[in-house]
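Worksheet for the structure shown next.
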Amino acid sequence: MPPKGYRCVRSAVCKHTQMEVRMKRHRKWQLVIAAVVAMGMAGSAFSFDFSKLENSITEHKLKNGLTILVMENHEAPVVSFVTWANVGSVDDPKGYSGIAHMFEHMAFKGTTTLGTKDYNTEKGLIAKEDSIFMELRHERTKGRLADSTRLHQLEQAYEQAREEAYGEVKPNEYGQIISREGGVGLNAFTAEDQTAFFYSLPSNKVELWMALESERFLHPVLREMYKERDVVAEERRMRVESNPVGRLIEEFLTMAYTAHPYGVPGVGYMSDIQYYSRKEARAFFEKYYGPANLTIAIVGDVNTKDVIKLAEKYWGRIPYRPAPDRIATVEPPQAGERREVIDESSQPVYVCGWHIPEATHPDRPAIDAMMDYLAQGRTSLLYKRLVKEKKIAAQIGGFSGFPGDKYPGMALIFAMPAKGHTNQECETEIFAAVEELKNDTLATAEVEKIRARAKASFINGLKSNQGMAMQLCRYQQIWGDWRQMFHELDRINKVTPADIQRVAKTYLTKNNRTVAMINNTES
């Protein structure tokens, strides 16, 4: 079960040339982080000081609004790049669910000069393809009243126009260039709150990245749009329609969110996927992919001044477009428990969630600690009780911030009953553990363990160039200031047993609860 909802990751496997590690005289930030982990695990009284690490990061903003974050790390001649867009599936317009995910696919299709044999010819063929598709779409929306003869004619013309347009395409030219130049880890993902594009290159290829990456946000061509849309439709079939757990999660979110778009599946509804056109995808790009809505993070063997000059040269070409407003819709308070049971012949699965605040809310560190204690990993209370001791569950887990963190999300617990046991047995134990947490204050030693795990998880995520770049972008987006990343451990350290008990009483209530499960009809 993916921890943050449905995600599609495009990747290209590239051969990476071995690089000799070059030791420099100045402080090595990875060693600093490793030392912090070691000392942090030695005792809770240790005072974490990230000031030196924070001071090694440079922020620069272009006139068009683009935010650039640079951190030098000269241990090896490699650089990790992340382009982070403050847009995700939560921003899909009504009737066009899945279009944020679709654009992630489109960003790999090239530009007016990349991925095409002859763009002037291709441009005309794309326009023809679009025109026929719009006629076909109009006829399809008539449903049973559609003219079957006209529909057949348009479908044939559309297929022919598609093939003609695809004939001018150089497939995967973007990925091939990156692979040829020593790039590794070409990836992207669309989540509920953000879309990210990332890979690494040798340090002498920084200008190549600047040229390639800026070009696909300056002159993107949404080629093979309808072919790729079919790929997305197949993803939905595999992840949701042919996957009982996928269907369960979709039903769960639809129940949990009656107003906020977190309740709409990120992969999109099939009818929406089959409906939207290149015109709508382009409009989505224009609204959400302006430079003021982007952050790029560059971490590795670079010179900061050179990076900024190159950014001005390449990214500065993109005209300013204002960043869109945040979503104004607020999910109304839940007035009573919501529950759905799906009966089918598959593995029983149980999901329970409670509404919680967004990541920046003062209660979130305590909520995150609460969920760690209850259901995260093999040391959690529910794992020890349901899996190890009573053996009524084959698997159990939980986390906060589902399906996203930008807006109020859910604290989620899921379980898979062991053979011969039921969802109801698991639910009884889960609810009993929740009530214990409300009524009994955790021991200080237990909270120290929670803090230690949180610290280790947080700091380990910063050890690699890419991990650091990702987290810088994430905090810049969610908090509006990447520097908040270096205050995360302070927030963790301040969580007390009383805080955990308080948030359990506040949020883990029956009226705030949504439950969904699959019951096996054969058992």
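Every number here is computed from the coordinates shown, using simple stated rules; none is lab data. Computed from a predicted structure; not experimentally measured. Cβ sites come from the backbone with ideal geometry, for glycine too, and all protein chains shown count toward neighbours.
Distance from the alpha carbon centroid of region 319-341 to that of region 174-211 works out to 32 angstrom.
Partners of Lys128 within straight-line reach, counting lysines whose Cα lies under 23 Å from its Cα and excluding those fewer than 8 residues away in the same chain: Lys109, Lys117, Lys142, Lys170, Lys227, Lys279. The H on the amide N of Glu181, modeled in the peptide plane, is under 5 Å from the matching H of no residue at least 5 residues off or on a different chain. Here, the chain has an Rg and a Dmax of 24.9, 77 Å when only alpha carbons are counted. Quick one: net charge around Arg321, please, counting Lys, Arg +1 and Asp, Glu -1 for every other residue with C-beta under 9 Å from its C-beta. With Lys, Arg at +1 and Asp, Glu at -1, the neighbours total 0. Modelled label positions at Met238 and Lys449, each set 7 Å beyond Cα in the direction of Cβ, lie 3.9 nm from each other. Counting neighbouring beta carbons within 10 Å and listing from fewest to most, the residues Glu213, Glu104, Glu192 come out as Glu213, Glu104, Glu192. This ranking places Ser464, Ser242, Ser200 by how few other beta-carbon atoms lie within 10 Å of each, fewest first, which gives Ser242, Ser464, Ser200. Our coupling estimate for region 309-322, obtained by passing each phi through the Karplus curve with A = 6.51, B = -1.76, C = 1.60 and θ = phi - 60°, is 4, 5, 5, 4, 5, 9, 6, x, 6, 6, x, 5, 9, x Hz, Gly and Pro reported as x.
Along region 490-503 the Karplus relation, 6.51 cos²θ - 1.76 cosθ + 1.60 evaluated at θ = phi - 60°, assigns HN-Hα couplings of 4, 5, 5, 4, 7, 5, 10, x, 5, 5, 5, 5, 5, 6 Hz to successive residues, with x for each Gly and Pro. Working from Cα pairs under 8 Å separated by at least six residues, relative contact order for region 338-520 is 38 percent. Measuring between alpha carbons in the structure, the pairs from Lys61/Lys463; Lys94/Lys313; Lys305/Lys449; Lys94/Lys463; Lys287/Lys455 lying more than 32 angstrom apart are Lys94/Lys313; Lys305/Lys449; Lys94/Lys463; Lys287/Lys455. The phi torsions of region 445-456, fed into the Karplus equation with coefficients 6.51, -1.76 and 1.60 and a -60° offset, translate into couplings of 4, 5, 5, 4, 5, 4, 4, 4, 5, 5, 5, 4 Hz, rounded to whole numbers, with Gly and Pro shown as x. Annotation: aspartates and glutamates with alpha-carbon distance below 15 angstrom to Lys391 (same-chain offsets under eight excluded): Glu425, Glu427, Glu429.
The aspartates and glutamates within cross-link reach of Lys123, meaning a Cα-to-Cα straight distance under 14 Å and a gap of 8 or more places when in the same chain, are Glu163, Glu164, Glu168, Glu224.
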